[in-house]
Structure formats: C-alpha cells, structure tokens
Protein chains: 2
Amino acid sequence: MTSQSIKRLILGRPLKSEEAEGEKMPMWKALPILSSDALSSVAYGTEMILLELATVGAFAFSFSIPIALAIILLIAILIVSYRQVIDAYPQGGGAYMVAKENLGMMWGRLAGVSLLIDYTLTVAVSISAGVMAITSAYHAAVPYVVPIALLFTWFMVWMNLRGTSESGNVFAFPTYLFIFCMLVLVGKGLFDWLTGTGHTTHSVSVPTGLPTGLTWFVLLKAFSSGCSAVTGVEAISNAVPHFRRPAEKNAKRTMLTLGILLAVIFGGVTILSQAYNIHPDPTGTKSVLSMVAEAAFGRGGFYYVIQLATTAILTLAANTSFNGFPILSSIMAQDKNMPRMFSNRGDRLAFNYGIITLGILASILLIVFRGKTDALIPLYAIGVFLSFTMAQVGLVLKWCRDKSEGWQRKAIINGVGAFVTLCVVIIFCITKFKEGAWIVIIITPLLVFLLTRISKHYDNVAKQLKVELNEPIPAVETVVIIPVAGIHKVVLSTIAYAKALSPYVVAFYVAFSPEEAKKMEERWKQWNPGVRLVVVVSRYRTLIRPLIEFIGRAERHYGKEKRITVLLPEFITHKFWHRLLHNQSAFRIRTLLLNRKDVVVSTVPFHLND
Amino acid sequence: MTSQSIKRLILGRPLKSEEAEGEKMPMWKALPILSSDALSSVAYGTEMILLELATVGAFAFSFSIPIALAIILLIAILIVSYRQVIDAYPQGGGAYMVAKENLGMMWGRLAGVSLLIDYTLTVAVSISAGVMAITSAYHAAVPYVVPIALLFTWFMVWMNLRGTSESGNVFAFPTYLFIFCMLVLVGKGLFDWLTGTGHTTHSVSVPTGLPTGLTWFVLLKAFSSGCSAVTGVEAISNAVPHFRRPAEKNAKRTMLTLGILLAVIFGGVTILSQAYNIHPDPTGTKSVLSMVAEAAFGRGGFYYVIQLATTAILTLAANTSFNGFPILSSIMAQDKNMPRMFSNRGDRLAFNYGIITLGILASILLIVFRGKTDALIPLYAIGVFLSFTMAQVGLVLKWCRDKSEGWQRKAIINGVGAFVTLCVVIIFCITKFKEGAWIVIIITPLLVFLLTRISKHYDNVAKQLKVELNEPIPAVETVVIIPVAGIHKVVLSTIAYAKALSPYVVAFYVAFSPEEAKKMEERWKQWNPGVRLVVVVSRYRTLIRPLIEFIGRAERHYGKEKRITVLLPEFITHKFWHRLLHNQSAFRIRTLLLNRKDVVVSTVPFHLND
C-alpha cells in the first residue's frame, strides 16, 4: 500500500475544482458549521453576568436583565453592521478585509492576527470544556484529559481535511438539537412565568436606580463578561465564499437567523434565571443553564438531553474555528501577509496548511495548560472585540468616503457599534489584565510584526524576480561533477546520463588512506568509462568537506561562464522502510551543497528491485 | 549565525582521522567510562539477594554469603572468559563477534540485539534511578521527573556527540570517588568486624545445611537476582578498539582491575550487611548500601559523600551504554545487519546515529514509563546473560576447533561459564516472566527478524549494483521539462541552464481556467525564450497531477532512448526563517516525482538577496 493510497483511504478521493461549488454550503449546513461558536457562548453568557454581579451581592441580580438587554442591543448592532460587511466585502475576510481596505494594511494585519489568535483559543477552550464534561461524568478518565483532548482536536482536523461540506453533515445534528432544546426550554419557562405555573417563584423586576454597593464599574465588568455570549458572530462574514449561490444573500439570511436565535436564547435564559431565582455556583460544579433546565423540567430525561446537547455544542464550537482559521489565513496569504502555502488548496479542496496549523497550535495550548484552559476564556474575547471595533471603524470611514445612499444612518450605526465594542475591549484589558489579558497584549503586536516582515520579504522577492519581456536568455555551459563511492551500476548509469548533459564530466572520489586512493585509481583506469577521476585523500571521515573544497576549486577555475552541476544518485525502493536504509548521506550532501554553493544538484534515481 | 557555526559551538571543531588515536582512551579513562555500569550494579546487588531471602524469613540471610561467593566465582569465570574474548576478537564486538564467528550470523544477531536492548534499558533505568535520588531530596521536583530525566539523557547524548575522550574527563571523577568510598567503607567495616569494634554486633556465620522453609528455588532466585551485580562487565570487551595502544593488553588489564574491584566491593558489602545485621527495607526508602554506610560511619559527612557518589554512579552507568551502543551498532552496520549510517563517524569521530538513536529510544522508555523504571530492572539482566551464554558457547566451539595450546582448560572454563549463565537466563525467564520478562522475550526475536530482513535487503542491493569492468557505458540523451509558474527571473535562469543540457527543452504550465491558459500562451509568445511552452488546463487545484500525466505522455513518446530531466527551482535564502516561506511545493513535487517516475530531478538554486 503506497502512501498515496493511504491518503485516499483517510481523506477520500481528490476533488476537482468544479466540485468546489458542490462543496459549498446551503444555509441549513452553514448555520451549524459557522455558528456553533456563537451558540455555545449562550451556554455561559448569563452565568458570566451573574457571577460578576454576585461579587457585590444577590441583590444585584436584578441588573442582569438590563445588562442582557444591552448585550442583545449590541448583538443587533453587530448583526446589522456585519450584514453591511457582507454587502461590502462578499469575497469574505470579514474584519481583516474591512480594516485592510479602509484603515490600511497594518490595521488589517492587526485585525487578522486578533482573529487568528481568537480562533486558536476557541479550539483549545471549547475542546477542553467538552472533555471536562466527559471527565465529570467518568471520573476514571481524569488522568487522560490531555490525550482525549488531543484526540478530539485531531478528529476535527481529520474531518476538516476531508472537506467543509462533509464535516457539516456530521456537525449539523448536535447544533440543531441544541437550538431545539434551548427554544423548548425558553418557551416552557416563559409560559410558566407568564401563567405563574411551575417553579417560577420569583418576580422579575427591572431596577430603576443604582443601589448602594453597586458601582458602574461592576456593571460594566458584568456587561463585558456577558459579552462573551457575542463571540463567534463574525464567523459568517469571514466565510461568505463558502456559501452556496447566491452567497451574499444566503450569508446575510444566515446571519439574521443567528442573531434572532442568540437574542431569544440569551434573553430568555437570563429572564428565566430571574424567574426561577437561580444563584450562580461559584465553584463551577453546576452551570446556570443546567439549573434553569432543572427548574423547568426537573431531573428527568429532557434535562439530560439538554446537558448532552450543551456538551456537544461546546465541543463543536471548535469547528467554527476550523472553518474560520483556514479561510482567513488563505486570504491573508493571498495578500502575502502569511506564508504562501496557506493559500494552497489540498486534493479535497480544503486549506490543509491552515487546518493542520490550527490543530498544532491548539494541541500546544492543550498540552501546555494540561487541558485546564478555563484561564483562557477571558482572553479570547479581546481579539474578537478588537476585530469588531476595527471592522466598524473601517466601515464608518467607508460610508463617509462613499457617501452612498443612506450613508449617514449606516455610519451612525457602525460608529455606535465601534464605540461600544472599543469600550468592551478597554474594560476587558483593564479588568482581566492580570488574569491573562497581558499574554494577548504581548503576543498580538509580535505576530503583527512577524506578518509585516513576511510581507516585506515577499515584496522583495517579487522585485528580484521581475523580468523584462525583451530580456535575452544568456548562453550557459555546465560542468558535471559526480561524487562516486566505488565502481558499480549506479555510477555507470549516472556517468551515462552525465555524458548526455555536457562534455565536461568529472568523477570525484574521497579515499580515507593513500592506499585506498591508489587502488581506486587503478580500478578506474582498468574500467575506463571515458570520464576523468579525481581522487582526494581526506583526513576527515566525511565526504562533504572535500567535495565542497573541490567545487570551490572548480568554481575558481571555470569562473562565471560555466555552471556546476552535481549529480547525486538516489535509491528508489519499493518498500517504504527500505528507504530508511539508503540515501542518508545523499540527502545531507544535497542540503549542504544547495545552501553553501551556487550549484545545481541533480538527483538521478536508481530503482532497486527489492 | 549559520547552522554549521552553531554545530561547531555545541559540538566543538571537527576532528581529523589521525586524531582518532588521540581520542582513544588510556586505562585510567577507560575504567570509569566502561565500568560505571558494572560498578553501579554493586550498589544494589547485595540488596537484591537479601530481598529475595527475606521472602522466607530473616533466618535465611546467612545464605547471602555463599550466594555472594557463587556470584564472585561467576564474576571470576566471566572475567577470565572475556579476557579470552579480547584475545580472540581484539577488533571489539564482544558477544556479537564471538557468536557470529563461531555459531553463525543468526546467533550473532541474537547476541547483538540482546545487548542493544540491554544498553537501552540500562540508560532508562540508571537515569531514572539518578533522578529518583534527586526527587527524594527535593520533593518539589517530583512533578518534573520526566523532564529532568530527559534533560539528563540529552546531556549525555551531547557529551558523547562531542567525542568519547572528552566525556571520559567529565565522568572519571564521580566513578573514582565511588570506588574510593566503597573501598574505605569495606576496609573500615572489615576492620571493625575483625577487631570486634564499632557496631558489628552480629556474628557472621556460614550455613551448613538447608533449614526448613528455605528451598533451592528460593536460593536460585536470590542468586539470579544478585547476578544483576554482574551486568556491565561485557562493556570492556566490546570497546577494545577504543583503547589506547597496546589496546588488547590495556583492555585485559582494565577488565582484571574491574573484576577485582567488583569482587572486593560486592563481597565486602555482603559480609558487612551480615556483620552489621542489616535487614533490607521492602518499601525501598532506604537502600542496604546506605544502611551499611550509616552503621559504619554514622550519619556524618562521609555518609553523605557515599550517598552522593552512589547517586552519581547510578546516573553515570547510563554512559557505559552510550559508549557500548554506538560501537556495537557500528560493527553490526559494517556487517550489514543494521542501517548503513550507523557506521558513519560524525565530525567529532563519534558514531552520531548510534548515540542519537539510543537517546531517542531511552527517552521513549522514560516518557512511556513516566520515569518509573523500577519495573525495568529485572528485564535488563536477561539480555546480558543471554549474550554471556552465547559468547561462551561460541568460545567453547572455537577452542574445540582450534585445538590451540591449553584448549581443554579454556573450553572447560567457558563451558562452565556457559552453563551457569544459561541457568541464570532460564531462572530469570521463569521467575520474572510476569514482571516483564515477557516483553523482552517478545521483542528480541522481532528485532532479530528485522535485522535479518535488513541484511537480506543489503545483500540484494549489492547483487543488483555489481558491474563488470568491461561493461560499456550506454549512450543516453535527455529531454528537459521545466514546470513554470509564470514569467520571471527564475524561469529565465532555469531555461538558460536547460538549454545547456539538451536541445529538447519544454516548459510546462498549469492553468486553472481556459482564460488563464490563453493569457499565458500569449505572454510566452511575446517573450519568446526559444523554448516550447505546453499549457494544460487542470480541473484539480494541484500542479502535481497534470505534471505526472505530462511526464507519462513524454515517456510514451520518447520511449527508453531518452531520459527525462525535470528542473525545479529552489529559492536559497539568507535567513533561516525565510526558507519556510518558499519551496514547499517544489519539495513535494520532487519527492513525488522521484517515487513515481523514472526521471532525474534537478534542483536549480536561485539565490535571493533578502
């Protein structure tokens, strides 16, 4: 079995470019693929607010309703704003594209880096959340947290290497199950509350003034914590090219659907947490969502279905990143901000480099933090909100420049959004600085710097490669050097090939003793292949040093007019493991020669029968 | 700073072959390098015997003296026998060489594999023993057992890559300190015992009959456990070529010195354990050696020096393997039983492949067993004793064939040794089967099989490569194919080079759409480099598939008389990290072409300025 056929078996047959359209997502697939991150955030949004408010006392819980309303308003602004992003930039790229076009490439890189960091953190956080759900059920699995998390990560890598559409099929069911559960939960709860039935013991009140002990700072902190419910909404705008035609229309409709779902579920759960008088558990053993579900349905079958669906969506949130990261990095690579290979599509039309890079980065995070990534949760909202801000500032500038129909209204919406999201970023940086925000604050500019260097390098290369169409082709001759290790079939066939290339062919042999040198010279004379043999006695036990010295001498002798070609044999074996038994020195010589000398290195294959 | 200058900094300047003699060891260096394994075994030999006897009761302890005497007799037999090995096989290789020459290649492989497994286990066991000594002193280090053990392992790899002699300098001091400590301990203890002073409360008695409750099986088991004190004596016979001249004489003298030291220290400690009435601690917190030292000197300064020296020698025992493994594998590679590169010397005249392979294998063991390698101790005596048996059986056959002077005496000595060591192997396999001996019993034949396959492969290759000196060089022509990605400087210089090689040159371009194809064709016509351009529109997004198809067509067209050469450009960059931004596709294409097609792949370097 060849490595190619193994690849087929694992990844499936290669897809043609025309099949890319078939790989594109209809809305019903796009929603679960692109919004599991946003939807999963709902699972802990309310909890984050209540936990912050609990620091001053349970009396503050009633403020969760206005805070939730503010966040829903923010969601609405973001949805409207990002629908405008889709219109303006249907080729995808989201905040990166908007920032790049309207604020300049540096801001684009900043937005791109923020999002890439966020995607990576999302994978690590959501997978370890999923694994934690397993370990709390099966305590025996605790020592294997990291291996299980890595297994999940690479399962996702594998699914995504097979292609976007197929992974959508697998991921659709749990997402829809979660949506269904949440809607049933909110519906049942609201019905109970409005009719005064069930366990809705508490009256839901909206506060009118600020009670003593509660400061605006606490409220803002609670608001920014609750904003984690908003992360993930940008994924759709980045992935417009992945939608089935009409892509923009479908993407905008998906975005609207997501916005409504988020508002209903998040708002509903927050109201219910008041109606059922839920107090958050600071030890983290019981989530607010599970307490709401228990209050509504009791510890029955449906309660467990909700728990299962929540676990599943938390894990699947990682998949949103597996979609977003490769697309964004491919767009950035096309702009020469990332290594070129990130824009290459694999056989299955997926961006293999991006998918595998994300898998590796997330694995490193999981290993370094030993699967305990709770600490990462506060970090990963900074990137999203920074990119939100930049996208909206960019759009404000765009509207002011374009002055298209209704530009004032659009600019005001985006301006408000930019201001609010910037506030969230600032509040995050201040309140979460010690909890790890400093890591993001350090790494982000470093990566932006790296991307700038990459971009500069590619620009330099492009300049060096430029050719005038009237530039003549220079006449060149070549001298062929064949390092030989003795007299055998490989040398014979290499000499035969060398004679076809050039009249200047020389064989080069390194002897470790003068006796050996003499013996080789005599045998060569006897064989007489019509090629001069140069024998060098080396005091070092390696071949490479004398060879490089010899090439240096040849270079000085022939000067610039003759290019030197070194022929190295390579054994081609049938069985994979046989390859390990050969070619080690040839490989080393090839690498060193290419790096040290301006010579052409030709690999002449010699096929072994067994 | 280039990768070469970094290598120099880490490993030191390259050494010439003549310097190999300077790298060879005088006796005072050879003893610590080659015998730290054997000497360290003394640290737990007595303990192993007492622990086995303790299973029936303290009354059996008096049997430790006759058992120790039997083991000292075994040491004597082995020393005499291995001095005969050195005489007969001064080129090194020990049991492998003896078994190969006298019993056949298969038995040689078995002996070689046994020793290689043993070397690997020794590294893992002795390094984790050393680390355990650290963690029992500094409890805070407990979570870092594996990282510390890996650090030690790769420190040893590094020292050994620098060359044998330098590592000897570092390792000599602790070994001599240990020898000094042991001799002082035994001297002081025996003096106390004979004069009846100190804490020697117990009379040392030698039993005359077998008391009830004690079976021969228990005695044999205790004997075989105590035999772990013998492991390591073979290292000297394997490393004869590493000795300074006269190598054989020096090796034999070193062996004798080691034998005397082992007998004195092991016998002395065993007698003292009786004299001081030491009972082994089954929990393993206190070693018998440390209790003897405490009884002799109290918990004073010298006691701690002894503890320190013991820890050091346990760790350094690993270094014996770092000497033995590379030499043995290089000898086996010269016999084509191991991959060829194991016989290549590096710049510093060390066998880099062997050293690094041992480092990797030991690291895997340390990681898999999380540094708790106590379980491995019983395993690693099997290999040694199996190789002892084979070496001695081989020598018996040799003496019987040679019939040289005194052959009967020599044959009897070796025959007795073979019988005793075989008994030890059998007892080990039976009594330690469940404790892990089964792993060795499974892995050993698998490795022997693998080595046989490697050897067969190399034999086949040698047959295929054989050439008659009157065989004529066939006349060949070549067709050059240049895959191009556009029109730029690299294409220009590659075409210039291609024209020097052959009049048959064709450029090959893959377009992803018909429009792109047309555009390229027109630009090419405009440029007119004097080379035909073939454009293919590909439905796949990869270059490689159409290229392979095109080569297939060319092969069918030209048949056997023309060899196909594919020219691939490679960007050579100044900075290391820039390299990651280029050449990814060229590398993949090169690998695939060489494996799938019978074409020459030439790498034409293009040097970038930045």
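The values are calculated or read from the model by the stated rules, or taken from the named source; none is laboratory data. The shown structure was predicted, so the numbers you read here are calculated from the model rather than taken from an experiment. Please note: Cβ atoms are built from the backbone with ideal geometry, for glycine as well, and neighbour counts cover all protein chains shown. With ligands, DNA and RNA removed, areas are computed over all heavy atoms of the protein, side chains included. Shrake-Rupley method; radii C 1.70, N 1.55, O 1.52, S 1.80 Å.
The C-beta contact set for segment B:425-454 (first residue of a type in the set (Asp, Glu), second residue open to solvent by 30 Å² or more (accessible area, probe 1.4 Å), distance under 9 angstrom, 6+ apart or interchain) comprises B:Glu435/B:Ala375. Scan segment A:567-576 and tell me whether some residue there is open to solvent by less than 20 Å² (accessible area, probe 1.4 Å), out of contact with any His (no Cβ under 7 Å at 6 or more places or on another chain) and within 24 Å of A:Val599 (Cβ to Cβ). Yes: one or more hits. Only one entry in A:Glu516, A:Glu477 is of a type in the set (Asp, Glu) and in contact (Cβ under 8 Å) with a residue 60 or more places away in the chain, namely A:Glu477.
Can you find a residue that is within 30 Å of A:Gly324 (Cβ to Cβ), aromatic (Phe, Trp, Tyr) and at the interface with chain B (Cβ under 10 Å from one of its Cβ atoms) anywhere in segment A:424-434? Taking every residue of segment A:424-434 in turn, none turns out to be within 30 Å of A:Gly324 (Cβ to Cβ), aromatic (Phe, Trp, Tyr) and at the interface with chain B (Cβ under 10 Å from one of its Cβ atoms). Please determine whether any residue of segment A:331-342 is modelled with pLDDT of 85 or more, open to solvent by 10 Å² or more (accessible area, probe 1.4 Å), of a type in the set (D, E, K, R) and closer than 30 Å to A:Leu190 by Cα. There is no residue in segment A:331-342 that is modelled with pLDDT of 85 or more, open to solvent by 10 Å² or more (accessible area, probe 1.4 Å), of a type in the set (D, E, K, R) and closer than 30 Å to A:Leu190 by Cα. If B:Val269 meets every condition in (1) within 13 Å of B:Leu185 (Cα to Cα); (2) crowded, with 22+ Cβ neighbours inside 10 Å; (3) in contact with a Phe, Trp or Tyr (Cβ under 9 Å, 6 or more places away or on another chain) apart from one, which number is that one? Among (1) within 13 Å of B:Leu185 (Cα to Cα); (2) crowded, with 22+ Cβ neighbours inside 10 Å; (3) in contact with a Phe, Trp or Tyr (Cβ under 9 Å, 6 or more places away or on another chain), B:Val269 violates only (3).
Test A:Ile260 against the criterion of being assigned to a helix (DSSP H, G or I) and free of Cβ contacts under 8 Å to residues at least 12 places away in the same chain, and give yes or no. Yes: the conditions hold for A:Ile260. Condition (residue is out of contact with any Ser or Thr (no Cβ under 6 Å at 6 or more places or on another chain), assigned to a helix (DSSP H, G or I) and at pLDDT below 85) applied to segment A:62-73: is it met by at least one residue? Within segment A:62-73, not a single residue is out of contact with any Ser or Thr (no Cβ under 6 Å at 6 or more places or on another chain), assigned to a helix (DSSP H, G or I) and at pLDDT below 85. Taking the criterion of being of a type in the set (Ser, Thr, Tyr) and open to solvent by less than 50 Å² (accessible area, probe 1.4 Å), the residues of segment B:51-107 that qualify are B:Ser62, B:Ser64, B:Ser81, B:Tyr82, B:Tyr89, B:Tyr96. The residues in segment B:514-557 that are modelled with pLDDT under 85 and open to solvent by less than 60 Å² (accessible area, probe 1.4 Å) can be counted, and the count is 4.
Would you say B:Thr603 is at the interface with another protein chain (Cβ under 9 Å from one of its Cβ atoms) and either farther than 22 Å from A:Ile481 by Cβ or in a strand (DSSP E or B) (or both)? It is true that B:Thr603 is at the interface with another protein chain (Cβ under 9 Å from one of its Cβ atoms) and either farther than 22 Å from A:Ile481 by Cβ or in a strand (DSSP E or B) (or both). Applying the criterion of being facing another protein chain (nearest Cβ under 7 Å) and either part of a helix (DSSP H, G or I) or in contact with a helix residue (DSSP H, G or I) (Cβ under 7 Å, 6 or more places away or on another chain) (or both) to the residues of segment B:586-598, the residue that is nearest to A:Gln464 (Cα to Cα) is B:Leu594. Taking the condition of a type in the set (S, T, N, Q), farther than 22 Å from A:Val505 by Cα and at pLDDT below 90, does B:Thr431 pass? So B:Thr431 fits the description; yes. Taking segment A:465-564 and the helices (runs of 4 or more DSSP H) fully enclosed by it, the elements with 3 or more residues that are facing chain B (nearest Cβ under 10 Å) are at A:489-501, A:514-527. Among the criteria (1) facing chain B (nearest Cβ under 7 Å); (2) modelled with pLDDT under 80; (3) not in a helix (DSSP H, G or I), the one A:His574 does not fulfil is (1).
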